[in-house]
Structures are given as C-alpha cells and as structure tokens.
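All of the numbers you see were taken from the coordinates with simple rules; none came from a lab. Remember, predicted model here, so these are calculated numbers, not experimental data. Cβ coordinates were reconstructed from backbone atoms using ideal geometry, including for glycine residues, and neighbour counts include every protein chain displayed.
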Amino acid sequence: MTETILLAAILIPCLIVAIVFHEVAHGWVALMLGDPTAKEQRRLSLNPLRHVDPVGTLLLPGGLALAGLPVFGWAKPVPVIKQRLDNPRFGMMAVAAAGPGTNFLLALAAAILLGLWSPLIGPPNSEEPNLLLMAFTYFIGINVFLALFNLLPVPPFDGSHIVEGLLPRSAARAYEKLRPFGMILLFGLLLVVPYVFPQANIIERFVLPPVEWVMGIYFSVADFVAGY
C-alpha cells in the first residue's frame, strides 16, 4: 500500500505537468497563428483545474501505471478553430506538432536537471532506489510516451493532423472521415488485443522499444551533463 501511494504521489504530478503543458502549447501556437479561441475561453493557463479531465488525466493513466501497462491519457482538449487560423492547412500542422514538441522539451529539461543534480541524487542510470531519481525517470518517460503516442497518425491524435496537412486535399478529406473510429482502433490494439491474445506481445514488440530508445537518448544527455 505504501509503495502504491508513493507511486501515485510521483506519477500524478508528472502526468498533470506533461498533459497541461501539452495542451497549453496547442493553444499558444494557435494564438500566434491567428486563432484566439483558447485565449477567449481562458485555456492558456497552467492552472491544472482548467485542463484536467478526471478520467483521462487521473483515473485511466493511474490505473494503467498500477497495472504495469503503458501510461497514456488526455486532458480537456484546448479548442482550436481551423478556419480562424491565418493558414488553416499549415496552422493545424503547427498547432498539432506543438504539443508533442513541448513534451520532448520537458523531457530534455528534466534530463539536463538530472545531470546537474547527479552529485546529490546519484548517477542518472543508477539502479539504487532513490525518490528523486525515480521522479525524474517517470517524468522523462511520461513525456516521451505522451509525445510519441500523440504523434501516431491515428485520428484524432496530433499525428493525424500532421498527416492531413501533408496529404493531397482529396486524400486528406478521405482520411478525415476516419476520425470517429480512431480511438476505437487504438483501444482495441493497445488494450483488447493484448488481453485476448497476450502471446502477440504488441506492447513489448511495438510500443516499448521506441519509448525506451528515446529515453536512452535523454539519459545519455543526462550522463553528458553529469560528466560521466
């Protein structure tokens, strides 16, 4: 029980920071590119209460973490009206990329801090139990997973908006029609299929390797900063 409470005390703040910054980044880039909708609805705030979705930000990610599954979640989407952007096609691509890009930057900042503070908390790749090291590791991991997860070209995630902007207009319209089915497909692949066919090892084969590879890059940055 104590370990569960400790894990929750680390995970929940990491999740909230990662998700809130992700959403606010969408709104700020939309504002810079001509759409003030997020500002008008007071969503350009780092106050978590304006962004947190009780299920998507807390219950689902927490349950997945405790079950040992990949952690993902969502906040209340920051409103963006494509038609209000100065260049709707390019604007939606930039707005979509802003969220994952911010998560990559947060992970980089955490890696640098981890390297700078290593004299106090031990080497970045240390296997010794350490609360701060655990917090940094989870924060980097959550941001990396959130960024890669949102870059999947599956509607309605950020990657789908980037793909739409790159496709010819006729193909983009056809692709957009898949939007209502994206979440069903993703939940089926990540949750239902592994449960029904555990031998398929979808998560171990396809989800974890890219996350671990990118995390390895960030830990290399931490090692470099620490001088190891």
* Structure fact -> The alpha-carbon center of the stretch 152-228 and that of the stretch 1-44 are separated, in whole Å, by 19 Å
* Structure fact -> Across PRO209, PRO48, PRO100, the residue with the highest GNM fluctuation in the chain (Cα network, 10 Å cutoff) is PRO209
* Correct choice for P(r) over Cα pairs in 10 Å bins from 0, in percent that was computed from the model, options [x] 8, 32, 34, 13, 6, 5, 3, 1, 0; [y] 7, 28, 38, 22, 3, 0; [z] 8, 29, 35, 22, 6, 0 -> [z]
* **Using distinct alpha-carbon pairs, which all enter the 1/r mean, Kirkwood radius of the stretch 167-227 in Å** => 14.8 Å
* Under a Cβ-Cβ cut-off of 15 Å, what is the net charge of the residues other than LEU46 that fall near it, where Lys and Arg count +1 and Asp and Glu count -1? -> +4
* Mean Cβ count within 10 Å, highest first, over the residues of peptides 138-149, 24-35, 178-189, 108-119 -> 138-149, 24-35, 108-119, 178-189
* **Charge dipole of the chain about the Cα centre (unit charges at C-beta), most positive-ward option of ALA9, LEU152, PRO209** => LEU152
* Asked: For the chain, what's the relative contact order in percent, using C-alpha pairs closer than 8 Å and at least 6 residues apart?
  -> 22 percent
* Rough spin-label spacing in nm, given labels placed 7 Å along Cα→Cβ, for ASN47 and SER170 -> 5.0 nm
* Scan the chain and report its longest stretch carrying no trypsin sites (Lys or Arg not before Pro) that are both in a DSSP loop and have at most 10 other Cβ atoms within 10 Å. => 43-176
* Structure fact -> Only helices counted: for the chain, with every DSSP H run of 4 or more residues adding -39500 (n - 2.57) and the sum spread over all residues, [θ] at 222 nm is -19500 deg cm²/dmol
* **Gained length - MET32 relative to ASN130, 0.36 nm times residue gap less alpha-carbon distance** => 31.2 nm
